[in-house]
1. Exactly one of these conditions fails for Gln128: (1) modelled with pLDDT under 95; (2) surrounded by fewer than 24 Cβ atoms within 10 Å (Cβ to Cβ); (3) not hydroxyl-bearing (Ser, Thr, Tyr). Give me its number.
2. Name the helices (runs of 4 or more DSSP H) wholly within the stretch 63-148 that hold at least 2 residues that are under 24 Å from the mean Cα position of the chain (by Cα) and closer than 29 Å to Thr223 by Cα?
3. Just give me the residues in the stretch 219-278 being hydroxyl-bearing (Ser, Thr, Tyr) and over 20 Å from Lys204 (Cα atoms), in sequence order.
4. Considering the stretch 256-309 alone, what residues qualify as being among the hydroxyl-bearing types (Ser, Thr, Tyr) and touching a helix residue (DSSP H, G or I) at 6+ places or on another chain (Cβ under 9 Å)?
5. Please indicate, with yes or no, whether at least one residue in the stretch 371-378 is in contact (Cβ under 8 Å) with a residue 60 or more places away in the chain and either within 21 Å of Asn190 (Cβ to Cβ) or among the polar types (S, T, N, Q) (or both).
6. For the stretch 303-322, give me each residue that is under 30 Å from Gln136 (Cβ atoms) and either surrounded by fewer than 23 Cβ atoms within 10 Å (Cβ to Cβ) or touching a His at 6+ places or on another chain (Cβ under 6 Å) (or both).
7. Leu347 versus (1) over 30 Å from Phe256 (Cβ atoms); (2) part of a helix (DSSP H, G or I): which is the lone unmet condition?
8. Looking at the structure I just gave you, is Gly92 of a type in the set (Gly, Ala, Ser) and either surrounded by 14 or more Cβ atoms within 10 Å (Cβ to Cβ) or in the same structural domain as Glu155 (by TED's automatic domain parsing) (or both)?
Amino acid sequence: MYPKQQSFFIVGLSRSGRAAAEFLLSRNATVYIYDDVGSEKIERTAKELESKGAKRTKKEELPKMTNLCDALVLSPGIPVDHPLAVTFKRSGRAVIGETELAARFMRCPIIAVTGTNGKTTTVSMLAQVLQKGGLQAQACGNIGTPMLEYVTLDENAVAVAEISSFQLETLYSLCPHVSVVLNITEDHLNRHYTMENYVFLKSKLLKNASETEYAVLNYDDSTVRGFAEKTKAKILWFSVRERVAGAYYESGNLYFGEEKILSESELPVSGLHSVQNALAVIAAAKIMGIRTADIAEALRSFKGIRHRIENVGEVNGVTYVDDSKGTNVDATVKAVESMKTPTVLLLGGKNKGYEYRSLFSVLKRSKVTHAVLYGENRYELLASARESGFDSVSLCDRFRFAVQVARLRAKEGDTVLLSPASASFDEFSGYEERGDAFVEMVREFAQAAQVETTENIGDSSEIDKNGESDVGDDGGHDLLVDGLATGEETE
């Protein structure tokens, strides 16, 4: 690829599209841009790119772009079977993504992480471990920072990239030094149609590996275990069930080979899913030559990520947990299984192409005492709940009203868990915005509770003859709003 002598059509101007446009413009490529979302943010991006030399494309000009451009650069949010992409392919033009561009120009070694759940946490955790071990490690990819922003890193740095199935659709050249596959469960079937296609896309991460590369695979996942037969890479396993050649969990401890790394109780985030993520990190870090002491210290200090089983506050004895990142059934099951107290669960949003009966079967034997169903797929959720015999439900339309209902249903000592098992695009731009809305509502609950408590104190306090209240210094003001200010993150 020689950008200076080629032209590119970039469709979708979110973070990845913008990064691709800026990268290609910096290499004197001819760049055409298009996005039909029409938001203020996209409009600002388009104007900034135009000021740097990009050419704005109108909707009526789309049919002629196959003749003008050598390659179509798709946003991950646009499927490869979109009519525009199909037209480019039929015309013999390239259809790529921002991650593919990065793969072609990246100079530093790459550790790539994929899987249905745990990708963001594992990438964040691994970057922290590598940094503790003295490497210049940068988390990038689907985690939020486009890989193209790190193409200038030299061979002494490491790019730790989260790779989604959407990115894998247009990814051909990536050859990570270490490929990590965490798990594969049903997800995104509205985009990929069949489970077989989804599994195939995940396996593409290992496609280009040679005998000099490594694959860290989940031995406990039969689908992932089968990937070992599809790659030339050297295999290291991780497992919470068996002693494997790699990282494993045994008698409450995490090991690599015969060496104990740390105990489960030392991990700041509890739950089997946390152990699995840590084992994958341990195996990858050992490949990169990180010392055991540095791995253990970094894992002990890892606090998790936002919107993944994150305790965001406690109001009137009710704990609120934000798991907005739980956008599929398996993720929600993991969140539910980590609950220790009676739980009111918020479920709903936009369906991603699967049924929910298995989820409600789990809820029947969990700490969940009530489910508040909301959003575009609320009736699908309700039907699955009835079929599964889970009848403690409320039905709402909009998200904010559902959170209010959950607040009223919860009793002192309970937990309200937002883990929707659904995408957010019926009301929000992404799971981050949905999680932020939830956190803001918890803050509102805390403020309202504080005002109510203050008013009650004023009404009930006896005033002595000197005009002073007999209420002590704490006077009922020890409202339980822990975590709201610091936003301590957990998974």
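1. It is condition (1) that Gln128 fails.
2. Numbers: elements: 65-68, 83-90, 98-105, 119-132.
Here the list reads 98-105, 119-132.
3. To start, the set of residues in the stretch 219-278 that are hydroxyl-bearing (Ser, Thr, Tyr) comprises 219, 222-223, 231, 239, 248-249, 251, 255, 263, 265, 270, 274.
Within the stretch 219-278, Ser239, Tyr248, Tyr249, Ser251, Tyr255, Ser263, Ser265, Ser270, Ser274 meet the criteria.
4. Restricting attention to the stretch 256-309, the residues satisfying the condition of being among the hydroxyl-bearing types (Ser, Thr, Tyr) are 263, 265, 270, 274, 292, 301.
Listed by number, the residues that qualify are Ser270, Ser274, Thr292, Ser301.
5. Residues of the stretch 371-378 that are in contact (Cβ under 8 Å) with a residue 60 or more places away in the chain, as a first pass: none.
No.
6. Residues of the stretch 303-322 that are under 30 Å from Gln136 (Cβ atoms), as a first pass: 303-310.
Listed by number, the residues that qualify are Lys303, Gly304, Ile305, Arg306.
7. If we test Leu347 against (1) over 30 Å from Phe256 (Cβ atoms); (2) part of a helix (DSSP H, G or I), just (2) comes out false.
8. Details: of a type in the set (Gly, Ala, Ser): yes; either surrounded by 14 or more Cβ atoms within 10 Å (Cβ to Cβ) or in the same structural domain as Glu155 (by TED's automatic domain parsing) (or both): no.
Against the criterion (of a type in the set (Gly, Ala, Ser) and either surrounded by 14 or more Cβ atoms within 10 Å (Cβ to Cβ) or in the same structural domain as Glu155 (by TED's automatic domain parsing) (or both)), Gly92 does not qualify.
The values are calculated or read from the model by the stated rules, or taken from the named source; none is laboratory data. All values derive from a computational prediction rather than experimental measurement. Cβ sites come from the backbone with ideal geometry, for glycine too, and all protein chains shown count toward neighbours.
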